[in-house]
Amino acid sequence: MTERFPSVFRRGSLEEFTFKERVTIRVADVAFYLAIRLIGPTLRIEAENEEKYREIIDSGRQPIIALWHDRIFAGVWYLRDRGLAVLTSKSKDGEYIARFLTRFGFGAIRGSSSRGGVRGLVEMIRLMREGVPMAFTVDGPRGPRYVAKSGPAMLAKKTGNPILPFVIECSSFWTINSWDKLQIPRPFARAKVIYGEPIFVREGEDVEEMRHELQTALDDLNGRAEHWRETLG
């Protein structure tokens, strides 16, 4: 993927940012990369319904993975090096996220629901038609927390590819004081990955119906994942 789509899978230029912003972006990029690279290998991950991902690929389609923004730390580690592309904001925060994502084999498409969203969606449609799978933090970039937005449903409708609901729950984590309450797994924590049932585009179904179906699926996965953590004691 890197060679076919270098502008997506490689770090971009920082020319549009001020010197101070460039320094901040580079520091945040390295800090997040090192944190994930150090903690990620210690996680003891078990997966449920992982075959759903492979079944979509084997059918000749590409998955649109949908997860909550607060699980991005553990999610990046688990989903690394699969050639997934992610929509990121055209902002300072979006840029450092894009940069550390590319270190883990993700592509980064600039343009979020709040800035450059239409252009970003057009690029995602183009890339999916070229065989690139996608991932969405569906309540990003600014929330509301745990409220799914319509981006994955729009992409599914335009490309015919299924949305694949996804959750990763850690047995122990720190919480950052941010809008999403970002979860940072503690070293050597157990982690549970659960894939939901793929959501396919059905004839006559509109985007809002698909968004509601995705919301319901992710709420259900969250409940199952939290129950798993609670049973660990």
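Below are the figures for this structure:
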item: Sequence ranges 139-149, 62-72, ranked by mean other-Cβ count within 10 angstrom, highest first; result: 62-72, 139-149
item: Nonlocal amide H pairs with Phe166, under 5 Å, H built at 1.01 Å; result: Ala66, Gly196
item: The chain: antiparallel DSSP beta bridges as a percent of all, rounded to 5; result: 35 percent
item: Ordering of 95-108, 183-196, 215-228 by burial proxy (mean other Cβ atoms within 10 Å per residue, highest first); result: 95-108, 183-196, 215-228
item: For the chain, alpha-carbon Rg relative to the globular expectation (2.2 N^0.38 Å, N residues); result: 0.97
item: Max mean-square fluctuation residue, GNM over the chain, Cα-Cα springs under 10 Å, options Pro41, Pro198, Pro152; result: Pro41
item: Lys158-Asp81 pseudo-label distance in nm [points 7 Å out on the Cα-to-Cβ vector]; result: 3.1 nm
item: Ranked Leu214, Leu87, criterion: other C-beta atoms within 10 Å, fewest first; result: Leu214, Leu87
item: Inter-label distance for Glu203 and Arg44, nm, one decimal - labels placed 7 Å from Cα along Cα-to-Cβ; result: 5.0 nm
item: Lysine pair number, Cα distance threshold 25 Å (strictly under), the chain, separation 8 or more or different chains; result: 17
item: Amide H partners (placed H, <5 Å) of Gly140, local residues excluded; result: His69
item: Check: the chain dipole with +1 on Lys, Arg Cβ and -1 on Asp, Glu Cβ, in debye; result: 1020 debye
item: Within the chain, helix-based [θ] at 222 nm, where runs of 4 or more DSSP H residues each add -39,500 (n - 2.57), nearest 500; result: -13500 deg cm²/dmol
item: Charge tally in the Cβ shell below 14 Å around Ala28, where Lys, Arg are +1 and Asp, Glu are -1, Ala28 excluded; result: +3
item: Ranked Ser178, Ser13, Ser171, criterion: other C-beta atoms within 10 Å, fewest first; result: Ser13, Ser178, Ser171
item: R0 of 22 Å, Cβ-Cβ distance Ser13-Ile125: FRET efficiency to nearest 0.05; result: 0.35
item: Exposure proxy order (Cβ contacts within 10 Å, fewest to most) of Met154, Met210; result: Met154, Met210
item: Relative contact order for segment 1-146, counting Cα pairs under 8 Å that sit 6 or more residues apart, in percent; result: 30 percent
item: Under the Karplus curve 6.51 cos²θ - 1.76 cosθ + 1.60, θ = phi - 60°, whole-Hz ³J(HN,Hα) for segment 156-163, x wherever Gly or Pro sits; result: 4, 5, 6, 10, x, 8, x, 7
item: Farthest positive-ward along segment 6-231 dipole, Cα basis, beta-carbon charges - from Gly94, Gly131, Trp174; result: Gly94
item: Whole-Å distance, taken between Cα centres, linking segment 181-208 and segment 57-136; result: 14 Å
item: Global geometry of segment 1-121, whether rounded, prolate or oblate, following the gyration tensor of its Cα atoms and the 1.5 cut on a/c; result: oblate
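Coordinate-derived values only; no laboratory data. The shown structure was predicted, so the numbers you read here are calculated from the model rather than taken from an experiment. Reconstructed Cβ throughout: ideal geometry from the backbone, glycine too, with neighbour counts over all protein chains shown.
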